[in-house]
Amino acid sequence: MKFNSKQLIFDCSKLLRTHQQYRLKSYVAQTSEIPATVKPYKDIPGPRPIPLLGNTWRLLPIIGQYQIADFANVCDILHKEYGKICKLSGLVGRPDLLFVYDANEIEKVYRHEGPTPYRPSMPCLVYYKSVVRKDFFGDLPGVVGVHGEPWREFRTRVQKPVLQLHTVRKYIEPIEVVTNDFIQRMNEMKDENDEMPSDFDNEIHKWALECIGRVALDVRLGCLDPNLSPDSETQKIIDAAKYALRNVAILELKMPFWRYIPSSLWTKYVKNMNYFIEICMKHIDAAMQRLKQKNVTSDKDLSLIERILTSEKDPKIAYVLALDLILVGIDTISMAVCSILYQLATRPEEQEKIHQELLKALPDPNTPLTSKHLEQVPYLKAFIKEVFRVYSTVIGNGRTLQQDLEICGYHVPKGIQCVFPTIITGNMEDYVTNASTFMPERWLSKHSENSSNNTIHPFASLPYGHGARMCLGRRFADLEMQILLAKVSF
Ligand code: HEM
């Protein structure tokens, strides 16, 4: 099984910044002055830009020095060449990227992020939401690619139901059902040597899409059906998801020229996004009709989407939430699962430990999983955390500075986009004891108590980010990964 595609969570946008600056005025005023002795921004090391093309040429196909498809490698090269801080300046159409490989400084940036943190992300989506389809998104465009007050307003409205444990636990049974179907597919697909096909990651994407459809649209999309006709709605959704996932990085980093001349890639991107909106509206409207017929006695009877539909007058909130969850909830988790399954397959000792732990928690594998069972598998959860630390599929996170800040002894002006490459910092001896050893035990409290030299800097490995903007789907993501790992490990 191959999995070299990596997820990049940060990117850039200047749009909507005015809202944010307005809100942050009072916060910025409280922050401390940077001493004049601090070194100037221009002295931060990094590759030298050339006239006209700046450093963008280094990211271009063929002539470029850095393979943007392997951004983890770019982060690694820059770290090795320039140390704990490195600046990639002179990028066409976007602000500088500042790579920070110091966990203490990453912590500092997060702690100064203010009430409406700005994660530079998906400029295509920002443009789509705020310009191309402003008619649809209006003043509450969701959380992904949205900043300032509109972000805060939307996140406040949806955060409670999405993160509440009792809502998330309602999905153990539906996700187990989807996962059982997936395991049946795995059994059908394996060859005479019990190997999965080389495009197995496609099937994992379908499992992820099926899970997110169940959570965000209240529907079984049917993605795991092996005999889908090419013009079925399900196949079209799979194709649209694939298109979105494969082309966003190209549009945003390799060919950012759509901002000036709309390319065919950009036109297809817009068409694709419009299709997603259509699908979300269709399924949410159906959920609304079902809700009208439902006998509801308490919140506990409601699914996530039904809770949103009940608490919000405007179904638009549910449409936009569903769209955001689908957009970021497929590739992130699929890549994580590819990494987890690969590590599991190649580590028989850890495999056995997970198996024994499961046998203890759940002697009969046919018993439906409950939250109690999942509480009794700390090693399985630690295994996932260790895979994230060592082989994180989220290369990094980022924040656009909303005020000047001293970072690694340099004066960094506001507006600069900081990148925190968790894939590098999670593997640095400075922050993790025996960093090169794969050791899930390091995450178990019993182990940390017994071992005085087992330290992990809390900001070195942050797969879900940090603070008010932390991953909104993290509880669902954890649940999906734990269920899948439990089911394949029996
Ligand atoms: C293992 C899988 C996943 C990983 C590693 C991951 C990681 C992340 C990270 C690093 C961020 C940025 C956080 C920050 O800025 O501090 C993020 C944001 C987000 N994630 Fe995830 N994610 C995963 C799965 C999911 C899933 C399954 C969903 C949907 C159910 C989801 C929904 C979101 C949303 C909506 C945001 C934007 C939050 C905001 O800006 O307010 N994620 N994720």
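Data table
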| quantity | calculated |
| --- | --- |
| Selection status of R399, surrounded by 21 or more Cβ atoms within 10 Å (Cβ to Cβ) and touching an Asp or Glu at 6+ places or on another chain (Cβ under 8 Å) | yes |
| Filtered residues of segment 341-366 (kept if closer than 18 Å to N180 by Cα and within 16 Å of the ligand (Cβ to nearest atom)) | L341 |
| Residue match in segment 403-410 (condition: modelled with pLDDT under 95, farther than 24 Å from Y171 by Cβ and in contact with a helix residue (DSSP H, G or I) (Cβ under 9 Å, 6 or more places away or on another chain)) | yes |
| Residues of segment 212-245 that turn out to be touching a Ser or Thr at 6+ places or on another chain (Cβ under 8 Å) and assigned to a helix (DSSP H, G or I), as a count | 1 |
| Condition met for F71 (out of contact with any Cys (no Cβ under 8 Å at 6 or more places or on another chain), part of a helix (DSSP H, G or I) and under 30 Å from V219 (Cβ atoms)) | no |
| Among (1) over 27 Å from the mean Cα position of the chain (by Cα); (2) within 15 Å of the ligand (Cβ to nearest atom), the one test that T393 misses | (1) |
| Subset tally (residues that are part of a helix (DSSP H, G or I) and in contact (Cβ under 8 Å) with a residue 40 or more places away in the chain) for segment 185-201 | 4 |
| Output for segment 153-164, where each listed residue is closer than 25 Å to G415 by Cα and either near the ligand (Cβ under 9 Å from one of its atoms) or assigned to a loop (DSSP other than H, G, I, E, B) (or both) | F154, R155 |
| Checklist (1) open to solvent by 10 Å² or more (accessible area, probe 1.4 Å); (2) closer than 30 Å to L302 by Cα; (3) assigned to a helix (DSSP H, G or I) applied to K80, failing item | (2) |
| Subset of segment 83-95 (residues that are hydrophobic (A, V, I, L, M, F, W, C) and crowded, with 20+ Cβ neighbours inside 10 Å) | I85, C86, L88, L91 |
| Residues that are surrounded by fewer than 16 Cβ atoms within 10 Å (Cβ to Cβ), touching a helix residue (DSSP H, G or I) at 6+ places or on another chain (Cβ under 9 Å) and closer than 18 Å to K487 by Cα, drawn from segment 187-238 | M189 |
| Single residue of L165, L140 found to be assigned by TED's automatic domain parsing to the domain that holds A318, open to solvent by 20 Å² or more (accessible area, probe 1.4 Å) and touching a residue at least 24 places away in the same chain (Cβ under 8 Å) | L165 |
| Filter pass, P35 being modelled with pLDDT under 90, out of contact with any helix residue (DSSP H, G or I) (no Cβ under 7 Å at 6 or more places or on another chain), within 21 Å of N397 (Cβ to Cβ) and in a loop (DSSP other than H, G, I, E, B) | no |
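For (1) more than 15 Å from the ligand (Cβ to nearest atom); (2) over 24 Å from D218 (Cα atoms), each residue gets a yes or a no:
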{"position": "I85", "(1), (2)": "yes, yes"}
{"position": "V100", "(1), (2)": "no, yes"}
{"position": "Y118", "(1), (2)": "no, yes"}
{"position": "V143", "(1), (2)": "no, no"}
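The values are calculated or read from the model by the stated rules, or taken from the named source; none is laboratory data. What you see is a predicted model, and the numbers here were worked out from it, not measured in a lab. For neighbour counting, all protein chains shown are included, and Cβ atoms are generated from backbone atoms with ideal geometry for every residue, glycine included. All accessible areas refer to the heavy atoms of the entire protein, side chains included, with ligands and DNA or RNA removed. Shrake-Rupley method; radii C 1.70, N 1.55, O 1.52, S 1.80 Å.
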